[in-house]
Amino acid sequence: MSSPAASNLSTNLSTDLIAAAQRCRDREVRGAGWPPVDVARLAELTVRVDERFCREVADRYERAPRLAYDGALEARYDQVKQECRRQYEDVLEAGITVEPWLSPGPPYRDSTELVRLVRETRTIRVLLTRDEHGPPGRAGFHPLREPSGVTAAGMDLLYNDLLRTVHDLFGHVMFAAGFGLAGELKAAYCHLALHSEDARAVLFNEQVAQICWFYFGPHLRDDAGRLRGPGEQGYLPPRARPYPEQKVFPPDSAELEAFRRMFSLRQAS
């Protein structure tokens, strides 16, 4: 049972994260953008998962080249880098400490532990890109695997580390979104809503498309294209599934809009 002091700290962190997210949204989004204007309303977000859409996105990600990088995409990734760095600075200003995770295995057992510990301690552990995707060069070029110029506890962070940090905070911790399919999609929506349109389109491939591949990719289906279920030969539980390769290719604006349509906000009672 948490102490009153820990409970107050948790409440304050939630409030501070929402305030930081609001600053991000107001700074990056021009015009109406994604709803809502008030970030706090994202707590009322519901998702109706469209499995057909998720399969189509997974298939497109599977077919996409590993690297299709041009000047237009470089400019969009530069925008992502700038916005992620500003968001990272926002969470530091909110009094959150970033701690590189250097021990074996993941830093949290599940989303419940992530949310609880971050809210209790105002510290987030980050599994570094070098330990998950391999160092730059060995894993091949990716614009987010470039040095960000930011350090945490004496460790140099890549832009991908900044992205993972702010995604976990604004996507998962802020409104306690889980690590299952619906929770991951909601976390992606909450985080994408804080970015500019150009950055959002790129981050769709970096977040949503990879989520779809993890849950609906062709490697999880039988010869007839049907997803294998628990107990069936060839079924892979989530803990045993490979993570998707981090690819760089032009985003599809129609996919981003279809993703947005899966979500709605509960009406206030």
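The values are calculated or read from the model by the stated rules, or taken from the named source; none is laboratory data. All of these numbers come straight from a predicted model, not from anything done at the bench. Positions of Cβ are generated from backbone atoms using ideal geometry, with glycine treated the same way; all protein chains shown enter the neighbour counts. What goes into the accessible areas is simple: the full protein's heavy atoms, side chains included, and nothing from ligands, DNA or RNA. Shrake-Rupley method; radii C 1.70, N 1.55, O 1.52, S 1.80 Å.
With the other protein chains left in place, how much accessible area per residue, in square angstrom, belongs to the chain at a 1.4 angstrom probe? All intermediate terms of the calculation are to be shown ahead of the outcome.
Values: 12930 Å² over 269 residues.
With the other protein chains kept in place, the chain gives 48 Å² per residue.
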Problem set entry | Förster radius 30 Å - calculated FRET efficiency between GLU62 and ARG260, Cβ distance, rounded to 0.05 | 0.85
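Which order do peptides 71-83, 181-193 fall in by mean Cβ count within 10 Å, highest first?
181-193, 71-83
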Exercise. Expressed as cubic angstrom per residue, what is the convex hull volume of the alpha carbon set of the chain?
Worked result: 158 Å³
Seminar exercise, completed: Between the modelled labels at GLN22 and GLU132 (7 Å from Cα along Cα→Cβ) the distance in nm is 3.0 nm
Problem set entry | Of the DSSP H helices in the chain, those whose Cα atoms cover at least 24 Å axially and whose Kyte score averages -1.0 or more | 4-28
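Using a 1.4 Å probe over the heavy atoms of the protein chains, calculate the carbon and sulfur portion of the accessible area of the chain as a whole percent.
Numbers: 6450 of 12930 Å².
In the chain, the share of accessible area belonging to carbon and sulfur is 50 percent.
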Problem set entry | Label point distance in nm, GLU197-ALA75, each placed 7 Å from Cα along Cα→Cβ | 1.4 nm
Problem set entry | Alpha carbon Rg of segment 8-117, scaled by the compact-globule rule 2.2 N^0.38 Å | 1.36
Problem set entry | Under 13 Å, Cβ to Cβ, from GLU146 - net charge with Lys/Arg +1 and Asp/Glu -1 | 0
Seminar exercise, completed: Mean Cβ-within-10 Å packing, highest first, puts peptides 102-110, 49-57, 172-180 in the order 172-180, 49-57, 102-110
Problem set entry | Net charge of neighbours whose Cβ lies under 14 Å from the Cβ of GLU232, counting Lys and Arg as +1 and Asp and Glu as -1 | +1
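Need one word for segment 71-225: rounded, prolate or oblate. Basis is the Cα gyration tensor (sqrt eigenvalues a ≥ b ≥ c); a/c below 1.5 gives rounded, then a/b vs b/c decides.
Rounded is the answer for segment 71-225, as its axis ratio a/c remains below 1.5.
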For this session: Can you tell me how much longer the chain between THR151 and ASP222 gets when fully stretched, taken as 0.36 nm per residue apart minus their C-alpha distance, in nm with one decimal?
Result: 21.1 nm
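Starting from the coordinates of the alpha-carbon atoms of segment 185-234, obtain the Kirkwood hydrodynamic radius over all distinct pairs and give the value in Å to one decimal.
Answer for segment 185-234: a Kirkwood hydrodynamic radius of 12.5 Å.
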